[in-house]
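First up is the structure itself, then whatever we jot down about it.
Derivation of every value follows stated rules applied to the coordinates shown; laboratory data play no part. Please read all numbers here as calculations on a predicted model, not as lab measurements. Positions of Cβ are generated from backbone atoms using ideal geometry, with glycine treated the same way; all protein chains shown enter the neighbour counts.
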Amino acid sequence: MKPFSIAGIQMRVSASAPNVEAMKLKLDILMNLYPWVDLVVFSELCAYGPLTTNAQPVPGSFEQEMCAMAAKHGIWLLPGSIFEQKDGKIYNTASVIDPEGSVVARYRKMFPFYPYEVGVAGGEEFCVFDIPEVGRFGVSICYDMWIPETTRTLAVMGAEVILHPTLTGTIDREIELSIARASAATNQCYFFDINGLDAGGSGKSIVCGPEGRIIYQADVNEEFIPIEINLEKVRRSRELGVLRLGQPMKSFRDRSVEFTVYTPGVKHPYLEGLGPLIKPQRVQELGELQIKDEHRIHDLPKHVVTSYRPSSDGSN
């Protein structure tokens, strides 16, 4: 099989100024150090940061500049994503560029991080592309992987490698690392989860193999992550099982059950009962407080009062 190498670039991202020139410099340095790399992945919203005010048309100048960089180095390039402005909507969009500098695919993030990624519309089309003599690759972005059906669909479409730019700077990053490992194992594929730094995330990019094992996990500083992959491992895993044990892709194929939760138009009472998709607010205690000794607590701060419960013997 033809050797193939993928490099993630974990770099600092500014929200107040474009990062495009820094991306070009990082790419030049990476290719000088590791000229054997075939494909490069940047983090989500790396070029202009996480503000929708920087949305722009796609195709546009950024994509053209990245096409020129791909052609310059003769590499496949996924330059993270940018906010795309189209028909009065904003999407979170990633472009896939081939070594000749042509765009072969574009992917719009299906699951914006609601209720926080306000004003961003979700895409509706999955993205897979083939690299001749190598294999099939899929693209997802950040919160997509929290909805496991997105990764499973890419795998069922034949993706052997999932390229996953992300922007996570929140305290759930450790949870995401476990999801990345599980996604790789349950779909028996390589999973490249590339995060940014500063306004672009808290780092800890991770690369997992088709058995869910960590191939490499970055720290919280700028890093190049060049990894040579072997797609025969994916094919052997899918043929013989994860560690020659479970065969989840075949089991999914051969299932005897239909997942009725996916029936179009059907409402599910439990899900409907979870309430609207909104940001959590301060929650008042349910019900009214029955305070017997009001004279003892009338001067306490409200947050203390709402947690007050007199004891049965009046000792509180």
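In terms of modelled amide H atoms, which long-range or inter-chain residues lie less than 5 Å from the amide H of Lys89?
none
Summing -39500 (n - 2.57) over the DSSP H runs of n ≥ 4 in the chain and dividing by its residue number, what mean residue ellipticity at 222 nm do you reach, to the nearest 500 deg cm²/dmol?
Only helices count here, giving -7000 deg cm²/dmol.
What percent do you get for the relative contact order of the chain when only Cα pairs under 8 Å and 6+ apart count?
Result for the chain is 16 percent.
Could you tell me what percent of the DSSP beta bridges with both partners in the chain are antiparallel, to the nearest 5?
Around 65 percent of the beta bridges assigned by DSSP in the chain are antiparallel ones.
I'd like the chymotrypsin sites (Phe, Trp or Tyr not before Pro) in segment 64-161 restricted to DSSP loop residues with at most 13 other Cβ atoms within 10 Å, sorted by number.
Loop-located and lightly packed - Tyr116.
Among the GluC sites (Glu not before Pro) within segment 210-284, which fall in a DSSP loop and have no more than 10 other Cβ atoms within 10 Å of their own Cβ?
Hits after loop and neighbour filter: Glu258.
Report for segment 46-160 the percent antiparallel among DSSP-assigned beta bridges with both residues inside it, nearest 5.
The antiparallel fraction comes to roughly 95 percent.
Pick from Gly212, Gly138, Gly169: which is most flexible by mean-square fluctuation in a GNM of the chain where alpha carbon atoms under 10 Å apart are linked?
Gly169
Suppose the chain between Ser16 and Val104 were pulled fully straight at 0.36 nm per residue; how much longer would it get relative to their current alpha carbon spacing?
28.7 nm
Over segment 4-261, what number does the Rg to Rh ratio reach, with both radii from the alpha-carbon atoms and Rh per Kirkwood?
0.95
Stretch Ile171-His268 to full length: gain in nm at 0.36 nm per residue minus the Cα-Cα span?
31.9 nm
Fewest Cβ neighbours within 10 Å first, please rank Thr170, Thr153, Thr93 accordingly.
Fewest-to-most ranking of Thr170, Thr153, Thr93: Thr170, Thr153, Thr93.
Given the options Gln188, Val40, Pro115, identify the residue whose Cα lies farthest towards the positive end of the charge dipole of segment 4-261 (+1 on Cβ of Lys, Arg; -1 on Cβ of Asp, Glu).
Gln188
Based on the alpha-carbon gyration tensor of segment 177-235, what equivalent-ellipsoid semi-axes (square roots of 5 times the eigenvalues) come out, in whole Å, largest first?
With the √(5λ) rule applied to segment 177-235, the semi-axes are 22, 12, 7 Å.
Mind putting a number on the dipole of segment 4-261 about its Cα centre? Charges go on the C-beta only, +1 for Lys and Arg and -1 for Asp and Glu, and I need it in Debye to the nearest 20.
For this selection, approximately 520 debye.
Name the long-range amide H neighbours of Ile215: under 5 Å, sequence gap of 5 or more, or other chain; modelled H, no Pro or chain starts.
Distant-sequence amide H within range of Ile215: Val207, Cys208, Gly209.
Using Cβ contacts closer than 10 Å as the measure, can you line up Ile229, Ile141 from fewest to most?
Ile229, Ile141
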